[in-house]
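**Q** Quick one: structure below, then a few questions.
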Number of protein chains: 2
Amino acid sequence: MRALVWDGSELRYVDDVPVPKRREDSALVRVHLAGICSTDLQILQGYMGFRGILGHEFVGRVVDGPDGWKDQRVVGEINFACGRCETCAAGRPRHCPTRTVLGIQGADGAFADLVRIPLANLHRVPDEVSEQTAVFAEPLAAAYEAEHQTRDLAGGRSTVLGAGKLGLLVAQVLAARGDDVEVVCRSARTRKRVDALGLAPVDLRSAGRGRDLVVEATGAVEGLTVALSLVRPLGTIVAKSTVAAHHSLDLSPVVIHEISLIGSRCGPFEPALEALRTRAVSVAPLLEEIYPLERGVEALEAASRPGALKLLLEADA
Amino acid sequence: MRALVWDGSELRYVDDVPVPKRREDSALVRVHLAGICSTDLQILQGYMGFRGILGHEFVGRVVDGPDGWKDQRVVGEINFACGRCETCAAGRPRHCPTRTVLGIQGADGAFADLVRIPLANLHRVPDEVSEQTAVFAEPLAAAYEAEHQTRDLAGGRSTVLGAGKLGLLVAQVLAARGDDVEVVCRSARTRKRVDALGLAPVDLRSAGRGRDLVVEATGAVEGLTVALSLVRPLGTIVAKSTVAAHHSLDLSPVVIHEISLIGSRCGPFEPALEALRTRAVSVAPLLEEIYPLERGVEALEAASRPGALKLLLEADA
């Protein structure tokens, strides 16, 4: 089969990768569309030391699996848990210490014709949800994680730092639950983007201070310092960026103002799929371009341009 | 009157400080005992740029105030709020942006014969509570803040880093609510101290991993890195130390493991006074020595020895 393979020094399009073997508790999925995420670009910079087929956002159809799953249109959660350890038993499988992670850690990903996904990780895609919409389920689930972690602040004054793909999803999710949301933008172009989604763009200078919630989704090291300047005492900062660098951060304001700083990664697929079905969240404006899988290397280059929105790879045209 | 005065370069015992004038919304309190806190020692290192009479932990008796308060035995909350701003109106007076703070920021403190305290900050001391017990109300309130901020984790596995004064109060408060508490100790001496309080001492090597809650009360820069190594995914770290230094901290584990890092400062006096009344928390083992106010400079030196427990100043013998 065809796939985009990262060997630690070069990303290559390969057309004779062996087809993965299905295991009893998994399904083989024929990938239709796959999304390129900032994490993929970080892996090409050395993040997680991953080697193998990249890609963890996808929509596809089960071509080999148990009867109930055969021919189902699916998306998949990316953390493959053991299901038996203390962490899994405690209901935290996304944090299973021996997990593999699709296209990120120890498990080949979805920039390929076929991908193997544990049955426990599969979600059926409702008929009303198009392919180009369903492929946003994984990043939208990550946005819902920030929402679930800050339920006590629903309806408050929220600020999202970063008007990239993830920031725009988080901002929509917070607005949908009734928050008064500001999105901090750096350029006229991102400002327009935010405006088009019915959200409030602001530049940093005019951004509201004393916010109940600030979500840091810039991907930049300075993001947390900016977040600390905007949040109110006893407020919450959600950190969405896994910046691969040491932060030199003055944490005394965190203690003095009793800030909660919450790390946030992957999230629940159910509310994400429901929001896509009911169109509570718009993803079409976030889509920049679709490349055929063969042009995947070029697509990942394009995705690394500053300000790039979502680029998709089409495996099964 | 007599007082310990910090002028930014020298701490001096002065016996002719003018008596503070009572204002309409405040009381004059004759100080009986005052406690020396690590924050006092940090102020002598330049923290907060404070100038004036030090001291924010005290018990005393109202000598000038409205009828209801006259002759009452009292302790006092240290954040003097405006009572009119948005933050105060939102029920967060301890974070009032224009607040002064007793002996820390813009308000003369309690290492003196007399101290002025706003009526809104006074709490009556129950008759059953001795002077040497009541003087712990302020630091114990700070320990209860950590408890209030982590109510969702009550009954879980908690670790307290640091077996100093604050750490031992926090550990007792968490044990009282049913947490399975470990206190990380560095020496045989602190180990014994922890043991005497009926708590479980551990050294760092044998400390449990995957803890639900880790309270960082070491006062050392490395504390947070240690805390990150002990807390479980989706767990909580409470940061109690206002270390006056930039942390160079790898925050990617916070995001990957979705840790909540919560700053924690001053807390509610009501549960603290109630715990002192019912003896749910023991403070006598934390008391090291009582110095007369005249020997205050010497007492602050003694308090800065590593491993020192609570030193008190007696103004009104």
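The values are calculated or read from the model by the stated rules, or taken from the named source; none is laboratory data. It should be emphasised that the depicted structure is a prediction, and the values quoted were computed from it without experimental measurement. When we count neighbours, we look across all protein chains shown, and the Cβ atoms used for this are built from the backbone with ideal geometry, even at glycine. Surface areas here come from the heavy atoms of the whole protein model, side chains and all, with no ligands, DNA or RNA. Shrake-Rupley method; radii C 1.70, N 1.55, O 1.52, S 1.80 Å.
**Q** How much net charge surrounds A:Ser187 when only other residues with a Cβ under 10 Å from its Cβ are counted (Lys, Arg +1; Asp, Glu -1)? Spell out each step's value before the answer.
**A** On the way: positive: A:Arg186, A:Arg189, A:Arg191, A:Lys192, A:Arg193; negative: A:Asp203.
For residues surrounding A:Ser187, the net value is +4.
**Q** Please give the Cα centre distance for region A:126-142 versus region A:181-256, rounded to the nearest Å.
**A** 26
**Q** Let me ask you something else. What accessible area per residue comes out for region B:140-263, rounded to a whole number of Å², with a 1.4 Å probe? Don't skip to the answer; put the middle values down first.
**A** Details: 4410 Å² over 124 residues.
Averaged over the residues of region B:140-263, the accessible area is 36 Å².
**Q** Right, here's the next one. Quick one: work out the % antiparallel among DSSP beta bridges in chain A, nearest 5. Walk me through the intermediate numbers first.
**A** Values: 30 of 57 bridges.
Just about 55 percent of them are antiparallel.
**Q** Put +1 on the Cβ of every Lys and Arg and -1 on every Asp and Glu Cβ in chain A; which of A:Gly106, A:Gly46, A:Gly68 then has its Cα farthest towards the positive end of the dipole?
**A** A:Gly46
**Q** When DSSP beta bridges are limited to those with both residues in the protein assembly as shown, what percentage is antiparallel, rounded to the nearest 5? Kindly include the intermediate steps, with their values, before the conclusion.
**A** Values: 65 of 120 bridges.
DSSP beta bridges in the protein assembly as shown are roughly 55 percent antiparallel.
**Q** Further question on the same structure: If you plug each phi of region A:210-227 into the Karplus form 6.51 cos²θ - 1.76 cosθ + 1.60 with θ = phi - 60°, what whole-Hz ³J(HN,Hα) values come out, in order, with x for Gly and Pro?
**A** For region A:210-227, the Karplus-derived couplings read x, 7, 5, 9, 10, 9, 8, 9, 8, x, 10, 4, 6, x, 5, 5, 4, 4 Hz, x marking Gly and Pro.
**Q** At 7 Å along the Cα-to-beta-carbon direction for both B:Val202 and B:Tyr13, put a label point, then send me their distance in nm to one decimal.
**A** 4.5
**Q** Could you work out how far the C-alpha centroid of region B:146-176 sits from that of region A:62-89, in angstrom?
**A** 39
**Q** Can you tell me the 0 to 90 degree angle between the C-alpha axis of helix A:165-176 and the longest principal axis of chain A, rounded to 10?
**A** Rounded to the nearest ten degrees, it is 60.
**Q** Net charge within 13 Å of A:Leu249 by Cβ-Cβ distance, Lys/Arg positive one each and Asp/Glu negative one each, not counting A:Leu249 itself?
**A** Values: positive: none; negative: A:Glu216, A:Glu222, A:Asp250, B:Asp250.
Result for the neighbourhood of A:Leu249: -4.
**Q** Mean separation of Cα pairs under 8 Å and 6+ residues apart, divided by the residue count of chain A: what relative contact order is that in percent? Each step should come with its number before you reach the end.
**A** Working: 702 pairs, mean separation 60.8, N = 317.
Relative contact order comes out at 19 percent.
**Q** Work from the charge dipole of region A:196-317 (Cβ charges, +1 for Lys and Arg, -1 for Asp and Glu, about the Cα centre) and give the residue of A:Ala207, A:Ala280, A:Leu309 farthest towards its positive end.
**A** Looking along the dipole axis, the top candidate is A:Ala207.
**Q** Using a probe of 1.4 angstrom, how much of the accessible area of region A:166-211 is carbon and sulfur, in percent?
**A** Values: 1100 of 2220 Å².
C and S fraction of accessible area: 50 percent.
**Q** What ³J(HN,Hα) values, in whole Hz, does the Karplus curve 6.51 cos²θ - 1.76 cosθ + 1.60 give for region B:14-29 when θ = phi - 60°, with x put for Gly and Pro?
**A** For region B:14-29, the Karplus curve yields 10, 10, 10, 6, x, 5, x, 8, 6, 9, 4, 9, 9, 10, 9, 10 Hz.
**Q** Ignoring everything except DSSP H segments at least 4 long, calculate the 222 nm mean residue ellipticity for the protein assembly as shown; use -39,500 (n - 2.57) per segment, divide by total residues, nearest 500. Kindly include the intermediate steps, with their values, before the conclusion.
**A** Values: 20 runs with 158 residues, N = 634.
Estimated from H runs of four or more residues: -6500 deg cm²/dmol.
**Q** Note down the magnitude of the dipole of the protein assembly as shown about its Cα centre, charges +1 on Lys and Arg C-beta and -1 on Asp and Glu C-beta and zero elsewhere, to the nearest 20 debye. Show your work: numbers first, answer last.
**A** Details: 72 positive and 82 negative charges, 17 e Å.
Approximately 80 debye in magnitude.
**Q** Tell me the total accessible area that B and A bury against each other, 1.4 angstrom probe, in square angstrom rounded to 100.
**A** Values: alone 14390 and 14420 Å², together 25660 Å².
Summing both chains' loss of accessible area gives about 3100 Å².
**Q** Turning to a different aspect of this structure: How many Cβ atoms of partner chains, on average, are near each residue of B:95-101 if near means within 10 Å of its Cβ? All intermediate terms of the calculation are to be shown ahead of the outcome.
**A** Details: counts 7, 1, 4, 0, 0, 0, 0.
Mean inter-chain Cβ contacts per residue within 10 Å come to 2.
**Q** Sticking with this one: So what is the relative contact order of region A:160-317, in percent, for Cα pairs below 8 Å that sit 6 or more residues apart? Spell out each step's value before the answer.
**A** Details: 233 pairs, mean separation 30.1, N = 158.
Relative contact order for region A:160-317 comes out at 19 percent.
**Q** Beyond a 18 Å Cα-Cα separation, which of these cross-linked pairs lie in this structure: A:Lys165/A:Lys240; B:Lys165/B:Lys310; A:Lys192/A:Lys240; A:Lys70/A:Lys310; A:Lys240/B:Lys240? Mind dumping the intermediate values first?
**A** Details: A:Lys165/A:Lys240 12 Å; B:Lys165/B:Lys310 7 Å; A:Lys192/A:Lys240 23 Å; A:Lys70/A:Lys310 29 Å; A:Lys240/B:Lys240 24 Å.
Correct reply: A:Lys192/A:Lys240; A:Lys70/A:Lys310; A:Lys240/B:Lys240.
**Q** Then there's this: How high is the relative contact order of region B:83-129? Use alpha-carbon pairs under 8 Å, at least six apart in sequence, and give a whole percent. Before the final figure, lay out the partial values.
**A** Numbers: 21 pairs, mean separation 7.7, N = 47.
Reported relative contact order: 16 percent.
**Q** Students often get this wrong: which residues of region B:257-289 have the backbone nitrogen under 16 Å from the point 7 angstrom along Cα-to-C-beta of B:Glu131?
**A** Label zone hits: B:288-289.
**Q** Under 5 Å between amide H atoms, partner at least 5 residues away or on a different chain: which partners does B:Arg211 have, H built in plane at 1.01 Å?
**A** B:Val231, B:Arg232
**Q** Follow-up question, since we're still on this one. For A:Gln72, which sequence-distant residues (separation of 5 or more, or a different chain) have an amide H within less than 5 Å of its own amide H, given hydrogens modelled in the peptide plane?
**A** Result for A:Gln72 returns A:Val62.
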